[in-house]
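Below is one structure, written out as structure tokens; the observations come after it.
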Amino acid sequence: MPALKDVRFKIKGIKKTQQITKAMNMVAASKLRGAQTKMEGFSPYADKFSAVMSNLSGSVNPSQFPLMAQRQVKKILVIVVTSDKGLCGAFNANIINAVNRLNKEIVSQGKSLSLICVGRKAVQFFKKSNIEVVYNISDIMSDVQIQFAKTIGQQAITQFLSENFDEVQLVYGKFINVAVQRPIFKKILPLSKETLVGQGETSQGTNLTYTFEPEPDAILNNLLPLYVNIQIMSAMLETVASEQASRMTSMDNATRACKDMLGSLTLIYNKARQATITKELMDIVGGAEALKG
Amino acid sequence: MANKIHLEIITPSKQVLNQPVEMVTAPGSDGVFGVLANHTPFLTSLKIGELKYQNDGKNFRLALSNGFCEISSNKMTVLAEAAEFSEDIDIDRALKAKERAEKRLQEAISSKENINTARAQASLTRALTRIRVSGK
């Protein structure tokens, strides 16, 4: 039987932990709501953008745009988007594992892979790994701004255009619903005509003959980098929402685990207390018997 | 109603405007252009500048930065990185941004960094536009 006092301390400690995890759960829930609103606020912009891109790409020739240049893929740049903070279950670990798996596969094919790390968790992890990191950016996930996406996009585009890399991919935690978040890969460079056309609402508008000002090529040249930025931006927004959802679930689990532990510890505590009382009673009875003797 | 065009302004953070208006004037990259109802399908990129629109005889002004606009089937869609109504502009912040941009521009020019010069110039234009739009 453990000592009564030890068990009491343990119960106290777990109760405090439970309070913290409960609070974190509630904070994550409210932050998730914020992140989801942000995501929803961004989606009309992204949708409309895709629609215009698909209208535009019908009337241009992809071969003359450097961002659409298909080269033989030897070097791949992967943009890893994770959260800045931990305590959100296996969320970041899943993303990082996915990247490691991809790395193994790519290396076995005789190609090479480098990274752009977004979010402190990715930065910290890949600092210690032997994968080359081109660019790091962290402490931005609490307030995702289009400027950050721009900076990252700029990096990716410069690397791609200087032919340091032949392909750019994006890895992030896709927000499927509150209970499910999955790391997914998305190829963002080179852009292909098919992806541009396929994304928009093709039902109407494609057959309209637009007046372009300046020339369609010039407009598309302006829009392609923006398109890359938008992809990165929505990946970041989704990652933030996924992170909060994941934290919510894991903190909920932690709270429940605390409750279970408290139950079993209380049982042990009561047993120990009962044992002490019985022992004391026996002592008293024994003493009384001896006196009677 | 028949003589109006539907104007929609969207930025990454929110939908700024979505309503029929009488006339729009926008800063196209090849020059300022005006739009009335039943405009021909049109697609253009936009510069940093001022977007004006008229509705029920009243004028509204917005400071716009980098984007593009599409006009089709009597609907004008403006996608911009930022769009602020003249009355929402924080003039103090704009003035500070202007000072900052001027200083950075000086530094960039003296150190001959083309990228930084371009960036500083862009932020200076943005700040000046915001000051101008909020001023009148």
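The values are calculated or read from the model by the stated rules, or taken from the named source; none is laboratory data. The structure presented is a predicted model; accordingly, all values stated were derived computationally and were not measured. Virtual Cβ from ideal backbone geometry, glycine too; neighbours counted across all protein chains shown.
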Residues of the stretch B:53-74 classified as part of a strand (DSSP E or B) and either facing chain A (nearest Cβ under 9 Å) or not polar (S, T, N, Q) (or both), total: 14
What's the number of the condition A:L267 fails, among (1) of a type outside the set (D, E); (2) at pLDDT below 90; (3) assigned to a helix (DSSP H, G or I)? (2)
Assess whether A:D84 counts as being of a type outside the set (F, W, Y) and touching an Asp or Glu at 6+ places or on another chain (Cβ under 8 Å). yes
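If I filter the stretch A:79-90 for residues that are over 20 Å from A:F185 (Cα atoms), in contact with a helix residue (DSSP H, G or I) (Cβ under 6 Å, 6 or more places away or on another chain) and surrounded by fewer than 16 Cβ atoms within 10 Å (Cβ to Cβ), do I get at least one hit?
Our first condition is that a residue be over 20 Å from A:F185 (Cα atoms); within the stretch A:79-90, this holds for A:85-89.
Retained after the next criterion (residues that are in contact with a helix residue (DSSP H, G or I) (Cβ under 6 Å, 6 or more places away or on another chain)): A:88-89.
Subsequent filtering for residues that are surrounded by fewer than 16 Cβ atoms within 10 Å (Cβ to Cβ) retains none.
Within the stretch A:79-90, not a single residue is over 20 Å from A:F185 (Cα atoms), in contact with a helix residue (DSSP H, G or I) (Cβ under 6 Å, 6 or more places away or on another chain) and surrounded by fewer than 16 Cβ atoms within 10 Å (Cβ to Cβ).
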Listed residues A:Q70, A:Q124; which is closer than 27 Å to A:V180 by Cβ and away from chain B (no Cβ under 14 Å)? A:Q124
In this structure, is B:A120 in the same structural domain as B:I9 (by TED's automatic domain parsing) and either part of a helix (DSSP H, G or I) or farther than 25 Å from A:N55 by Cα (or both)? no
So, of the residues in the stretch A:198-225 that are part of a loop (DSSP other than H, G, I, E, B) and either more than 9 Å from chain B (Cβ to nearest Cβ) or touching a Cys at 6+ places or on another chain (Cβ under 8 Å) (or both), which turns out to be modelled with the highest pLDDT? A:E215
So which residues in the stretch B:15-25 are within 16 Å of B:F68 (Cα to Cα) and either in contact with a Lys or Arg (Cβ under 8 Å, 6 or more places away or on another chain) or part of a loop (DSSP other than H, G, I, E, B) (or both), if there are any at all? B:V24, B:T25
Report every pair of residues separated by at least 6 positions or lying on different chains whose Cβ atoms are under 7 Å apart, first residue within the stretch A:62-80 and aromatic (F, W, Y), second surrounded by 12 or more Cβ atoms within 10 Å (Cβ to Cβ). A:F65/A:L220; A:F65/A:N221; A:F65/A:L224
Restricting to the stretch B:29-63, name every residue that is among the small types (G, A, S) and in contact (Cβ under 8 Å) with a residue 40 or more places away in the chain. B:G49, B:A63
Among the numbered criteria (1) at pLDDT 90 or above; (2) in a loop (DSSP other than H, G, I, E, B), which one does B:N38 miss? (1)
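Condition test on A:S30, is it within 14 Å of chain B (Cβ to nearest Cβ), surrounded by fewer than 14 Cβ atoms within 10 Å (Cβ to Cβ) and of a type in the set (S, T, N, Q)? Give the derivation first.
On the way: within 14 Å of chain B (Cβ to nearest Cβ): no; surrounded by fewer than 14 Cβ atoms within 10 Å (Cβ to Cβ): yes; of a type in the set (S, T, N, Q): yes.
For A:S30, the condition - within 14 Å of chain B (Cβ to nearest Cβ), surrounded by fewer than 14 Cβ atoms within 10 Å (Cβ to Cβ) and of a type in the set (S, T, N, Q) - is not met.
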Among the residues that make up the stretch A:131-142, is at least one of them more than 22 Å from A:Q244 (Cα to Cα), assigned by TED's automatic domain parsing to the domain that holds A:K186 and not in a strand (DSSP E or B)? yes
Being away from chain A (no Cβ under 13 Å), surrounded by fewer than 17 Cβ atoms within 10 Å (Cβ to Cβ) and under 17 Å from the mean Cα position of the chain (by Cα) is the filter here; which residues of the stretch B:2-24 pass it? none
